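Asks: Below is one structure. I have some questions about it.
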Amino acid sequence: MLLAPCGAKVTLLDASERALDQARRRFDRLGLAAEFVRGDMMQPAAGVADRFDLSLSSGVIEHFRGADRTRVIQAHPDVLAPGGMH
């Protein structure tokens, strides 16, 4: 949400439709555009891999422990286009 007003094309990925609905309402209320994708960040949906210039998660990694936490961190580069940042 912080990047959308700066002109970023924002995509939100979440496994929870409820979380995506909450985000849609918030974005709508603020007049911000975004794409909302339901999926597992550790197994990105078709069309999500190799697509983004920046991969960022906020309030996510602390919900995972051990090997799952490592997998979540390693998932960020999987969605980046060549030259992208995470």
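The values are calculated or read from the model by the stated rules, or taken from the named source; none is laboratory data. Computed from a prediction, not measured in an experiment: that's the story for all the values here. Cβ coordinates were reconstructed from backbone atoms using ideal geometry, including for glycine residues, and neighbour counts include every protein chain displayed. Just the protein is used for accessible areas: all its heavy atoms, side chains included, with ligands, DNA and RNA removed. Shrake-Rupley method; radii C 1.70, N 1.55, O 1.52, S 1.80 Å.
Asks: Just flag the trypsin sites (Lys or Arg not before Pro) in the chain sitting in loop per DSSP whose Cβ has no more than 14 other Cβ atoms within 10 Å.
Replies: K9, R51, R65
Asks: Multiplying the sequence separation of A33 and M1 by 0.36 nm and subtracting their Cα-Cα distance, what value in nm do you get?
Replies: 10.6 nm
Asks: In terms of modelled amide H atoms, which long-range or inter-chain residues lie less than 5 Å from the amide H of L12?
Replies: Those lying under 5 Å, H to H, from L12 are E35, F36, V37.
Asks: Further question: Note down the nm distance, to one decimal, between modelled labels 7 Å out along Cα→Cβ at S58 and at A81.
Replies: In this crude spin-label approximation the distance works out to 2.2 nm.
Asks: Where does helix 66-78 land angle-wise versus the long Cα axis of the chain, in degrees 0 to 90, nearest 10?
Replies: Helix 66-78 sits at roughly 60 degrees to that axis.
Asks: Tell me, what is the per residue accessible area of the chain in Å², probe radius 1.4 Å?
Replies: Accessible surface, normalised per residue, equals 71 Å².
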